[in-house]
């Protein structure tokens with residue numbers, strides 16, 4: 001792969017790309033391993049819940065969804081159906097079932 005930057009041409013060979021991907025995999029597995037160790041020790045469990053919620057919020061913001069409050073996001077995690085208005089927003093802070101199927 002040639003990267004033309006200014007007057008210089010840089011080339012990335014196949015081994016450099018493999019090293020980058022290998023490093024990304026090592027980092028990902030390290031994060032998973034640390035998470036498993038944190039959850040395995042009961043004393044660290046209160047720290048794991050906000051971390052997992054923060055990770056979930058990070059993923060959902062990539063899909064252009066806005067989460068302002070961590071507690072609200074935790075509550076909506078148990079919902080099976082969420083009804084929104086035509087602007088796709090929840091405007092009232094309470095949900096009331098009007099009808100059921």
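Go through segment 71-81 residue by residue and tally those that are within 14 Å of the chain's Cα centre (by Cα) and part of a loop (DSSP other than H, G, I, E, B). Even if it seems obvious, please write down each step before you answer.
Our first condition is that a residue be within 14 Å of the chain's Cα centre (by Cα); within segment 71-81, this holds for 73-74, 77.
This time we only want the ones that are part of a loop (DSSP other than H, G, I, E, B), so: 77.
So the count comes out to 1.
Would it be correct to say that residue 44 is part of a loop (DSSP other than H, G, I, E, B) and modelled with pLDDT of 70 or more? Write out each step before concluding.
Details: part of a loop (DSSP other than H, G, I, E, B): no; modelled with pLDDT of 70 or more: yes.
Here the answer is no, as residue 44 does not meet what is asked.
With the structure loaded, tell me whether residue 12 is at pLDDT below 80, more than 16 Å from the chain's Cα centre (by Cα) and surrounded by 11 or more Cβ atoms within 10 Å (Cβ to Cβ) or whether it fails that test. Working first, answer last.
Working: at pLDDT below 80: yes; more than 16 Å from the chain's Cα centre (by Cα): yes; surrounded by 11 or more Cβ atoms within 10 Å (Cβ to Cβ): yes.
Yes: the conditions hold for residue 12.
Taking only segment 40-70 into account, find how many residues are more than 18 Å from the chain's Cα centre (by Cα) and surrounded by 10 or more Cβ atoms within 10 Å (Cβ to Cβ).
We begin by selecting, within segment 40-70, every residue more than 18 Å from the chain's Cα centre (by Cα); these are 40-46.
From what is left, the residues that are surrounded by 10 or more Cβ atoms within 10 Å (Cβ to Cβ) are 40-41, 44-45.
Qualifying residue count for the region: 4.
The values are calculated or read from the model by the stated rules, or taken from the named source; none is laboratory data. The structure displayed is predicted, hence computed values, not measured ones. A quick note on method: Cβ atoms are made from the backbone with ideal geometry, for glycine too, and the neighbour counts reach across all protein chains shown.
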